Structures are given as C-alpha cells and as structure tokens.
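The numbers here are math on the coordinates, done by the rules we state, and not lab data. Just so it is clear, the model here is predicted, and its values are computed rather than measured. Cβ placement follows ideal geometry from the backbone for every residue including glycine, while neighbour counts extend to all protein chains displayed.
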Amino acid sequence: MKIITNKKSLRKNKLALAISASLLLSGGAIAEEAAKDAKVAKALKIEVIEVTARKKIESIQNVPMSVNAMTGQNINDLGINDLDDLSTFVPGLEQPTLAIQSRLSIRGVSSGDNASFEQSVGTYADGVYRGRMNQQRAGFFDMERVEVLKGPQVTLYGNSSVGGAISMITKRPELDSEVTGDITVKYGIEYEHSQVMGGVNIPLGDEFAVRIAGKYRDQASGAAYNHYNQQDSIQAKDDAFRIGAIWEPSDNLSIYLRFEQGNFKTIGNNLDPLMHLNTDFTNKNDSPLIALGMGDDELNIGNGAPFTNGPDFSLVENDETMLEIVYNINDKITLTSITGSSNYDFTQAYDVDITPLSIIDTGQDETYEQLSQELRLAIDVTDKLDLLVGLYYQDDEFKNDFYSDFNMPLIVGGALAPAVKAGLMPAEFAAGLAADVSPFSRHANLDQNTEVAAIFAQIDYEFTDKLSMSLGARYTESEKTADQSIRLADVKHVDDPAMGELKDYSTLVGIVKAGAPYPPGTVVLPDYFMGYQLVAPGGTPHAYTDMLRKEEHSMFQASVRYQANNEMMVYANWANGAKAGGFDLLYEAVGGTGEEGAEFEDESANAFEVGVKLDWETVRLNIGAFYGTYDDLQVSVFNGSVGFNVGNAASSIQQGVDVELIWVATDDLRITANAEYLDFTYDEFNNASCSFSENPLGTANPENNRNECDWSGQQLPWVAKYTSVIAAEHTWEVSSDYNLTNMLSVSYKSEHTTSSDNEILTKQDGYALVHYRATLTSLENNWHVALVVSNVLDESYELYTSKIPLNSGAFAHTLNEGREITLELGYNF
C-alpha cells in the first residue's frame, strides 16, 4: 500500500521566532536617477524608480498606469525563484500551478487551462516575447529587475496581452575596468533545498564586455512522502545558464547578444484525495477513496504511464537567443532591432486517477519553436513631441501529443461493482464484461503554425509643462494553420495500423451513427471505440487537416497625465485590444460537431483606469481605479471525465482598485503596503460547464452532451476580491563594519474558488502568509549571511482542487509547502 503523509505536522513546535520589522517590496528602488527636477533633489528619503514600461527609461511616478517593479536584489532576498513565487508579493498577479497546465493572470485575466490558448498576460525577457509559459520554467536568476504592468498592453507589447504584461530585464555586461561578480549559496532545511547562483562581468577592453551567469537548484524533499515508493513529492531540479556579450564600437552603436539555456524537472505527484460526496452532498461512506487517506493529507498514488510504477514527472528543456542592436542615427532618432529565437521541449507523465492502481495515466510531448523580429524607431520630433513607430513579425510552430491511457478492465469492473455488491449482477458476468474491453490510449494531437505581423506607433505630446498625452495604435494580422486529431491507440502509444475499413461495424450499432468521421487510413478497433464511448460519451475519433484561421485586429491605447505640482500626478488611460483565437488541442468532436467545433474565437478587451501618484518627502502613495469589459472570454473547464470543455464566455466585467504605499518612517525603518480590490464577474455566461454542486446528477444537454449552467453574475475562477501585502524593513548599524537588516512581510488573500469549474464545495477561505528574513552584511568585505523563514506560521491552504476523473462527486487538492527555514551566504567581488 502506498501512503504519502503530509510532513507539515512533523514541523509543529520546531521553531520559536523573535521577529522585528521587515520587507522592502515592489516599491524598492530600481535605480537612482540623476535629479531630474526640484522634487527629486529635495525628497532624498524616497528613491526615484526607473522603469521601461513604455519602451523608454522614465520614473515609475511618471507612468500613467499601475506598475509594480522589483529589483534583482529584492528577488534574491525574498527567495523568489519564479512567477509563482512572485505572485505572493504582487497583489493581482496569480500563477496557480495546475495538474497539467499553469495559468498566469493579472487582475483576474488569465490564459485558461489549455495549451492551445495564447497568453493573456504577455511575458517578455529583454524585449523578447515568450509565447508559452513553458518558456519561463527556468525561472529568475541574475535579474536586473522585473516590471508587472497591470491592464491591457496592446500597442507597444501586443501579442494578445489583454490582461497585462511582465517585463523581465536581465543583468547585462558592463564596460568596467575590472572583473566583478557575485555568488549566492542557499540551503533550505525542511525540504532539503539547495541552490547556487551567480554571475560574473568580464570587460575586454573599452568596447567589449561579457557577462556569464547561472543557477542550479535541487529540492530533494517536498510537502508529502510516498511510503510506497519511498519518494518525496514533489522533488524539483533545475539548472540554467546565460551568456551575454555587448559591443559598443562607438557612442552611437550598441550590439548585445544573449544566449540562455535551461532545464526544469519535477518528480512526483502531490494531489491528495479530498472528499467524495453523494448527489445529496453527504459523504459517500462506501467510497473506495476512503482507504487512501481521503481528507487527511495522506495520499496513495500509483505513478507513471503507461501503467507502470515509474514516478510522475515533468521535464522542460528550453533555449533562447536574442540579438539587440541600438543605433543612434543622430541625437534625435534611435533605431532599435530585437531578434529572438526561443524554443522548448516539454514532456510530462501524470497519474490522474490518484489511486494506487493504474487506471488512468496521462502523458504529453510538446515542442515549441518561435522566431521573432521587432524594429523600433524612436524620434524626438520637437521638444514637446516624441514619436515611436515599429514593425513586428513572429513565426512559431507548436506541436502537442497528449496521451490518456485507460485501463478499461478496471474501469468497467469498478463501474459494475455496485451492481455486483447489490446482487443485481453475477460477479462472473461482470468480470467477463470487463475483460472484453481492452486497455487503450486516446491520442490527441495538435500541430499548429502561427504567423503574426504587426505595425504599431505611439506619440507622446506635452501640451504644457504639466499636461501631456499619449496615443498608440497597433494593427495586427495573424494566420494559423493546424492539424488536429483524436485517435485511439494501444497503450504503447502506437496508432492503429492502416487497415482501411473499420471491421465488425455492426458491433457498434446503437453506439455511433453510421457515417461517423474517422481518420483516413486509421482503423478503430471495436472494443477500443466501446471503451472510448464509456469514458468520453459522444466523442468521435477524427483527423482534421489544413485548418485555417485568419484574424485582423486594430488595437488602441491612450493616456493623459497631469502633473498638478511637485507632489501629485493624476492620470487616465484607456485600451481596446484583442486576444487571438485558435484550435482546441483536446477537441473531442462530441456528437459529430465537425471541424468548425475545433475552433474557439478571439476575445476582446475594453479597459479604463484613472489614478493618482503622490510623492512627499517620506511617503509615496499610488492609487489606481480600473474598469474593463471582456467579451468572448476564452474558457476551459475540466469536465470531470477525460477532457475539457473549451469555448467563449459571452461577456464579463472587471472593476477594482490598486493601492501602493511606501513610508520611510525613520532613517532605519521603511514600511510598504500593496493592496488590490478586484470584482471580476461574468456579465453573461449561460452555457458554462457545471460544477458538481450545480448539477450533481450530471444531467447533460442532449444537443452537445455537456452539463451546462448559467454562471452570469459569478466571480471568475481563482479570483479573490481582496489581496494585499504589508511589509517592513529595519536596518541596524551593529558597528561601522556591519549592518543587520530584519525584514518581515504579511501577505493576505481573501476567499476564492480553486478550480476551473468554480466549485463552491472546494472554495478556499481567506488566509495570510508571513515571511521573515534577517541579514548580516559586511560593509567592508562584501559578504552577507542570512536566515530566511518562509510561511512562518506554517499555514495550510488550497493551491488547486479538481474533480477526480470518472468518480462523480470525488475531489482532490494539492498540498502546499509549509514552513521552510533557509540559510544563505553571499559574496560580491
């Protein structure tokens, strides 16, 4: 018997902490500007923060939108390895890790649970767009800063970034006179987490410099232990390196070349059976999941695919090359070229039945190759007028083979067990029926090419010293060609051999109508098809080739800013944009709906924001209020069987407020606070996929064999109304040679659903996470040591919940990591 035990209970009472103050968060300084105006010269207590949110260097207080920025030092201090970690400290940013996909969102706008969807939140590394989340798996290392741009970024960024954008800027080589660098070593005690990362800058003359950076991370333990295979779950290991070279042969020309490669691997599964309910919502006392430790943070999982006891795993191997050329044609015109090549291979095996038996296993093989080119021309037309114009082209190839393996004798036997137990069916007869249906694999495939071409422009005009305006536009054409299929294969993942006609078609009478489409040259064995109909009622094997989708979008963005005085700037902005549609990887052609049903439509966004940014000598306060409508929002909801219902919600409304506060209380103490209120509801969505609590009997719409409910007025999945982070940082001068810095942060998230079907039975209550860091720094010898405690109070909360396939009323949840104590040593040279 395999049992995975939650290890958090073993950590109780291990630690007693005396904690003093904390944390510098997103308001932390990115760079000190040379005093641009009288206010900066006077207000020495609050740093001027530089960002490139609008493709130019400017103070964050001059940007007419909500922006959170975090320095590379902040990222290291907070132990942020990836976007998931970053979301803990940036209200409104979320990246819940799902069983098969991950979904990145800003202000509730996300890409959904489908690998076919374009990214609603665009991620950009040194200006290179990353079209899929797997390109970001290597995480953060050797970073200059990260900027989180909230609200649609549809003109200067584009690429379907209707929710916002994340701009990641890596450290670049510097033309210094000597070699400099840094190295940091970390060890986490509870989860046996070790990490080494660093970078070195090597100048080679006055014109050329190289920077080499890398990281290695190994987590040998996880939130649970599997007694069956004696493995911790989830284990993780990743490594990455980056090499960049810059050449500046003259004051007018800069050429930067960067190559990056990374590997990200996880081993194990931490989905825990949570509960199993009858249709009247009472506990199912005869549930077979009870023996697996249901609801007590103990798991019993048979890992591997196809039908083996090998471990669940995921592996991403990625590489990226970018070339940036900046040429100052004269003192008023600058030409920038950014060429990017970004690729990855993703492999995954996952046991989705969450039992010790090999009942349903899934696996993916996914590849992505992307080539992009951007040209920008920045022109200082007059002292009051700036013009930015650009061209963009992208070509990418996406291919995913998704296998779902079904052990039909066990599935059929389990389905007949209640009848046998009730004496309604002889056991021998049930066993015979189960043996007649062979194990098989459903092989879903999407092979897609996308071409995108765009032209964009933005003008910035200063009417007076106080009043300015920006107008931007982007015109995009995209073309997608794709092959999509569902084939039935044996469990070795070999599609049935080409035998021409389907044999023994008469055995399928009553199961499928005559003339159902089948892949040309592919045989579907009768018992394979029978099994398929049992697990995916109405699904039809098919092969659609040369599907074509063309889109044209004109997108616009405008903003007005008014500098009332040295302390206050008010602004308003508006954006109207679109996110491209596409083809559904897991389209089942339920009911013979045909090729047209494989498409999902584009979605559109219309968003407004008004705000004020205030700066006093020791206090900074930024407030932004936003309102937006999203039409045809793309959604993907797990149907509780073996697939996802993909489509477009008619309309939704987003509204809320962002607040950021920085208070330099004394020379030694800084307080920061960030908060967001978000109300994001479906305005009209009357054909949503039902949750169990909405339709416990699973009554289906006879037209499409889907359980449909009206979600109009409901909050979107995973969206919490209130999120916040409050933090403090206190620095004590121990002596003339040493500083001791204590940092404490508390992040809060109010109640929210934790699954794509908005199930209220698994809703997570509000919770708070406390993080602490103490750092002793040698001012003379350039070293530091630190003690870091994450999740100080050992808080338990739901990261993600899901229906357990083919078990109506059964749910699983993921185990979060509890308290972690990390020791850190760093050295700069």
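Simple point charges give the picture: +1 on the Cβ of Lys and Arg, -1 on the Cβ of Asp and Glu, and for segment 341-466 a dipole about the Cα centre of about 720 debye. Given their separation in residues at 0.36 nm each and the Cα-Cα distance between them, Leu793 and Leu204 gain 207.1 nm when the chain is fully extended. 3J(HN,Hα) along segment 118-129: 6, 7, 5, 10, x, 10, 9, 10, 6, x, 8, 6 Hz, from the Karplus curve 6.51 cos²θ - 1.76 cosθ + 1.60 with θ = phi - 60°, whole Hz, x for Gly and Pro. Note on Asp286 and Asp436: the model spin-label points, each 7 Å out from Cα along the C-beta direction, lie 2.4 nm apart.
Model label sites at Asp218 and Asp251, defined 7 Å from Cα along the beta-carbon direction, differ in position by 5.2 nm.
Residues whose amide H lies under 5 Å from that of Asp82, counting only those 5 or more places away or on a different chain, are Phe140; hydrogens are built 1.01 Å from N in the peptide plane.
In summary, segment 335-469 shows an alpha-carbon radius of gyration equal to 2.06 times the 2.2 N^0.38 Å reference for compact globular proteins. Amide H contacts of Gln231 (H built 1.01 Å from N, in plane; Pro and chain starts excluded): Asn226 sit under 5 Å, all sequence-distant by 5 or more or on other chains. For segment 523-623, the C-alpha radius of gyration divided by 2.2 N^0.38 Å, with N the number of residues, is 2.02. Over the Cα atoms of segment 709-777, each weighted equally, I'd like the Debye log10 I(q)/I(0) at q = 0.24, 0.26 Å⁻¹, rounded to two decimals. Those come out to -0.99, -1.07, one per q.
Which of the peptides 156-165, 348-357, 713-722 is most tightly packed, and how do the rest follow, going by the mean number of other Cβ atoms within 10 Å of each residue?
Values: 156-165: 27.1, 348-357: 22.0, 713-722: 19.8.
Packing order, densest peptide first, comes out as 156-165, 348-357, 713-722.
Once the C-beta distance of Tyr827 and Lys237 is scaled by a Förster radius of 30 Å, the resulting FRET efficiency is 0.80 to the nearest 0.05. The distance between label points at Val785 and Ser712 comes to 6.5 nm (points 7 Å beyond Cα on the Cα→Cβ vector). What the phi angles of segment 199-212 give under the Karplus curve with 6.51, -1.76 and 1.60, with θ = phi - 60°, is a coupling list of x, 9, 9, 10, x, 10, x, 7, 10, 10, 8, 10, 10, 10 Hz, glycine and proline written as x.
Could you check how many percent of all C-alpha pairs in segment 4-828 are farther apart than 44 Å?
Values: 97233 of 339900 pairs.
Cα-Cα pairs of segment 4-828 separated by over 44 Å account for 29 percent.
Legend: residue pairs Lys186/Lys237; Lys171/Lys215; Lys480/Lys579; Lys171/Lys265, Cα-Cα distance threshold 20 Å; pairs beyond threshold, Lys171/Lys265. Remark: relative contact order (segment 370-416) = 34 percent; criterion is Cα-Cα distance under 8 angstrom and separation of 6 or more residues.
For Thr123, the residues whose modelled amide H falls within less than 5 Å of its own, excluding neighbours fewer than 5 places apart on the same chain, are Arg130, Ile166. Here the Karplus relation 6.51 cos²θ - 1.76 cosθ + 1.60, evaluated at θ = phi - 60°, turns the backbone of segment 433-438 into coupling constants of 4, 5, 6, 7, 10, 6 Hz, with x for every Gly and Pro.
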